[in-house]
1. Apply the Karplus curve 6.51 cos²θ - 1.76 cosθ + 1.60, θ = phi - 60°, to the phi angles in region 171-177 and return the couplings in whole Hz, x for Gly and Pro.
2. Convert 4 °C to kelvin, take the viscosity as 1.567 mPa s, use the Kirkwood radius over C-alpha pairs of region 1-73 as Rh, and evaluate the Stokes-Einstein diffusion coefficient in µm²/s, rounded to a whole number.
3. For LEU127 and VAL72, what does the FRET efficiency come to when R0 = 22 Å and r is the distance between their Cβ atoms, rounded to the nearest 0.05?
4. Give, in nm to one decimal, the length gained when the segment between ALA17 and PHE99 is fully stretched (0.36 nm per residue of separation minus the Cα-Cα distance).
5. Between the helical axis of 120-130 and the dominant principal axis of the chain, each derived from Cα atoms, what acute angle in degrees is found, rounded to the nearest 10?
6. Would you mind checking the tilt of helix 83-95 against the longest principal axis of the Cα atoms of the chain, expressed as 0 to 90 degrees and rounded to 10?
7. So how far, in whole Å, is the C-alpha centre of region 1-54 from the one of region 129-183?
8. Where the only charges are on Cβ atoms (+1 Lys, Arg; -1 Asp, Glu), what is the dipole of region 3-68 about its Cα centre, to the nearest 20 debye?
Amino acid sequence: MENLKLNIARTASFVSADVINGMKAEVEANNKKLHQGNGLGNDFLGWLNLPSSITEAEFADIESAAKSMRSVADYVIVVGIGGSYLGARAVIDGLSNSFDLLIRERQNPIVLFAGQNIGEDYTAELLDFLQDKSFGVVVISKSGTTTEPAIAFRLLKELVESKFGKEEAKKRIIAVTDKARGALRTLADREGYKTFVIPDNVG
């Protein structure tokens with residue numbers, strides 16, 4: 001974040017110098033707390049250095065899982081709520097062509113979302129759409145028990161297994177969850193899903 005700069009020179013006509021200086025001092029103090037890890041919520045600052053802490057081996061593992069999913073799925077359903085949904089959505093929207101869904105000749109699966117709401121119409125329409133499609137699921141949940149994604153994942157898991165069989169489901173379901181505990185971790189270990197770990201201090 002050292003290269004991030006804010007130029008507020010043109011605000012002087014409607015924001016007083018006292019306000020600007022007060023805000024600057026507050027921002028600098030909060031930034032210092034953030035990087036020293038001594039402010040409120042400091043148990044969950046893992047996101048701060050997460051991008052730079054990922055190893056080349058971890059990147060290769062992610063690439064391998066993505067390649068495997070691309071080989072079997074025309075659609076990938078990301079199941080999650082809150083940051084587990086919005087994080088994936090922000091990155092995908094930010095890095096995709098603005099008209100990605102209209103491109104006919106595709107190299108990558110279309111990403112859809114589930115578990116970000118509890119609307120029965122949305123879920124029913126998604127399940128109906130997927131009946132004759134080749135798809136995979138990426139479920140993101142530390143606990144695996146949050147209501148909205150838990151419902152969506154249970155229904156999608158049943159559809160994957162009924163369409164492709166339990167053995168093939170292992171290639172089509174990826175779990176991003178806690179490293180050692182929780183309902184999703186237990187299920188993923190039992191079923192043999194590919195997993196990625198949410199660090200403890202990320203939240």
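1. Calculated HN-Hα couplings, in order: 7, 10, 10, 10, 10, 10, 7 Hz.
2. 79
3. The formula returns an efficiency of 0.70 here.
4. Stretched out fully, the ALA17 to PHE99 stretch lengthens by 25.1 nm.
5. With rounding to tens, the tilt is 60 degrees.
6. That helix lies at roughly 80 degrees to the long axis.
7. Centre-to-centre distance over Cα atoms comes out at 38 Å.
8. 380
The values are calculated or read from the model by the stated rules, or taken from the named source; none is laboratory data. Not measured: the values here are computed from a predicted model. A quick note on method: Cβ atoms are made from the backbone with ideal geometry, for glycine too, and the neighbour counts reach across all protein chains shown. Protein only, heavy atoms only, side chains kept; ligands, DNA and RNA dropped before computing areas. Shrake-Rupley method; radii C 1.70, N 1.55, O 1.52, S 1.80 Å.
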